[in-house]
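The structure appears below as structure tokens.
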Amino acid sequence: MTRALLRLIGARLLLSGLSLLAVSAIVFAVMEALPGDTAQRLLGRDATVQALAVLRAQLHLEQPAWARYGDWLGGVLHGDFGTSLVARRPVLPYIAGHFGYSLLLGGLALALHIPLSVSLGLFGAATRRDGPIDAMISAVALLGMSAPEFVIGIFLVSILATTLGWFPPLALIDQAHGPLEVARTLLLPVLTLNFAMTAYVLRQTRNAMFDVLRSDYVRLAVLRGLPPRHVLLRHALPNALAPAINAIALNAGWLVGGIVVVEVVFNYPGLGRLLVESISFHDVPMVLGAALVLSATYIAINLAADVALMLLTPKLLVR
Amino acid sequence: MARRLPRTAWFGAAVVVAYAVLSVAAPWLAPHAPDEVFVGGTFEPPSAEFWLGTDNLGRDVLSRVLYGGRTVLLLAGSASAISVAVGGILGMFLGLRRGVVDQAVMRLLDVAMSVPPIIFALLLIGALGPSAPLIVLVVGLLFVPNVTRVIRAATLSVAGEDFILAARARGESRAAIVLRELLPNVAGALITEVSIRTGFAAIFISGLGFLGFGPPPPAPDWGIMINEGRSTIDASVWPVVAPAVCLALLVMSLNLFTDGVGRAIDRTAR
């Protein structure tokens, strides 16, 4: 049993490593497709032929693409992500700083998301199916699933920040002083992300609970006269947890992309916004680094989610 | 099956059809050209002439929303068609074929799914420059792995059934088996996928527009409109609210339809 589990986790680790390698190659290849070469973009259109030649040699642009990919990958493995074309400084400190902010925002969003969505799903399941409360929860969930996160974010900003003035409209966390101010800047983006994520888990938990509550052993528990709360939490919940965990895992993966949009909405200095800005500036080393780190995070989250699911639902291993 | 569709699903379908009609008829319905600028008429509140007011450049919001509906329906619909066509064929093929080819392709799709979709789309569109065909192609291909998984699973669940074995034993050709035996049984899953992917694509493409990677002007796009309007939301909420509500309603209707079809299939299976 445990050996089978270890082997599965090992295989999953290997696949993740391969995925990361493939991602790095894809990202590099896409950036190669940019029109014009890097030297031309750096020096502008009226650069002299000599200056271009010197810079090309400096950037090793005369080498074939696969050789430069090897160099870049070797550098990345040594912690050298290259030099930003815009800031003219090493990329790594930028990426590390922005990544820290993204991690903070994403981590907080997830920390709120898990208890919130599962307890809401439980609450929904505890009420009568198709009753008024259930219908209301379904309606709100449908709205949360249908409105894109940037729409939710903009409305939260215009109501809570611009009109009521309770929160700052922009999450300029790098200018905030003290933990209280930091929390104030983070609250709206965290709420926005949760609004977008909760609906899905809530529906999964609720549907799984309804299915489990119909099962024979739950009916038996009720017939035995056990208190409803005991039946709900001890008998039904453990068996309804797998779909909920699955949904949370999917959301954690979604968060990597969702955070890009939310960071732009709130002008939050995270890795997603850095990526979007660097793409517009055609700052290739910065784009490569940011995309690689975001993809690695995505892969790591999926890996962690798979392992968690394997550990928590041994039923899936038997097949 | 159609008779068993819940009322909410019919409502969703009706709204989507209404969107399609309004989009096709946009040139006749729109009171103004979408990029016509009314000098001195910026941020007008709703009036008899401008039903939804005007935006920061003095353009009629209603006309822009109508034309924007064309953009989003056309792009999201095409992207969804690409993903379901490619993923559907691939999924059915792999589900029937199984074996080494199936395993190899599925692992390859696993790797493809390990790039966060929005990042892949931003990179490609950022590198090659935003154009409507590129956006459709990128978004359509990004959804292929998910569709393939769903249709492959649906195919696997019927591939071992007696009627397929019987058709094989009768010596029917592979094409006949796919068309007459398999297709009717995965049709529900295919319809659901079209609806799900269209909704996802609408959100995704609007998100790209919002981030500045949408279809280039003059084609009005709801995501671009929302992005343009948000910095001046104090002056007028209409340029943001109108496209946002239209987008949410479209996706909500698609979700209602998807849910209803899913539930009808569940009930048939039971």
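The values are calculated or read from the model by the stated rules, or taken from the named source; none is laboratory data. Predicted, not measured: the structure shown is a model, and the values here were computed from it. Glycine gets a Cβ as well: all are built from the backbone with ideal geometry, and neighbour counts include every protein chain shown. These area figures cover heavy atoms from the full protein model, side chains too; ligands, DNA and RNA do not enter into them. Shrake-Rupley method; radii C 1.70, N 1.55, O 1.52, S 1.80 Å.
For region B:221-270, filtering for residues that are open to solvent by less than 30 Å² (accessible area, probe 1.4 Å), within 22 Å of A:ILE152 (Cβ to Cβ) and more than 10 Å from every other protein chain (Cβ to nearest Cβ) leaves 6. Do we have any residue at all in region B:93-102 that's within 21 Å of A:LEU18 (Cα to Cα) and of a type in the set (Phe, Trp, Tyr)? Within region B:93-102 (the criterion being within 21 Å of A:LEU18 (Cα to Cα) and of a type in the set (Phe, Trp, Tyr)), the answer is no, since none of the residues qualifies.
The single condition from (1) under 29 Å from B:LEU108 (Cα atoms); (2) at pLDDT below 85; (3) part of a helix (DSSP H, G or I) that A:LEU34 fails is (3). Residues that are free of Cβ contacts under 8 Å to residues at least 24 places away in the same chain and either among the acidic types (Asp, Glu) or assigned to a loop (DSSP other than H, G, I, E, B) (or both) within region A:173-210 comprise A:ALA176, A:HIS177, A:GLU181, listed in sequence order.
Table: residues versus (1) at pLDDT below 85; (2) open to solvent by less than 20 Å² (accessible area, probe 1.4 Å); (3) under 23 Å from B:VAL115 (Cα atoms).
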| residue | (1), (2), (3) |
| --- | --- |
| A:PRO228 | yes, no, no |
| A:PRO238 | yes, no, no |
| A:ASN246 | yes, no, yes |
| A:PHE266 | no, yes, no |
| A:SER280 | yes, no, yes |
| A:SER295 | no, yes, yes |
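Residue pairs whose Cβ atoms lie under 7 Å apart, sitting 6 or more positions apart in sequence or on different chains, and linking a residue in region B:24-46 that is at positive phi to a partner that is outside any loop (DSSP other than H, G, I, E, B) and of a type in the set (Ser, Thr, Tyr), are B:PHE43/B:THR54. Residue count for region A:163-183 satisfying the condition of being within 14 Å of chain B (Cβ to nearest Cβ) and surrounded by 14 or more Cβ atoms within 10 Å (Cβ to Cβ): 2.
Suppose the filter is in contact (Cβ under 8 Å) with a residue 24 or more places away in the chain and either not assigned by TED's automatic domain parsing to the domain that holds A:VAL264 or not in a helix (DSSP H, G or I) (or both); does A:LEU170 pass it? Yes; evaluated as a whole, the condition is true for this residue.
Does A:ALA305 satisfy the condition of being of a type in the set (A, V, I, L, M, F, W, C), touching a residue at least 12 places away in the same chain (Cβ under 8 Å) and more than 10 Å from chain B (Cβ to nearest Cβ)? Spelling it out, A:ALA305 is indeed of a type in the set (A, V, I, L, M, F, W, C), touching a residue at least 12 places away in the same chain (Cβ under 8 Å) and more than 10 Å from chain B (Cβ to nearest Cβ). Quick one: in region B:97-145, of everything that is of a type in the set (Lys, Arg) and more than 26 Å from A:THR297 (Cα to Cα), which residue is farthest from the other protein chains (Cβ to nearest Cβ)? The residue in question is B:ARG97.
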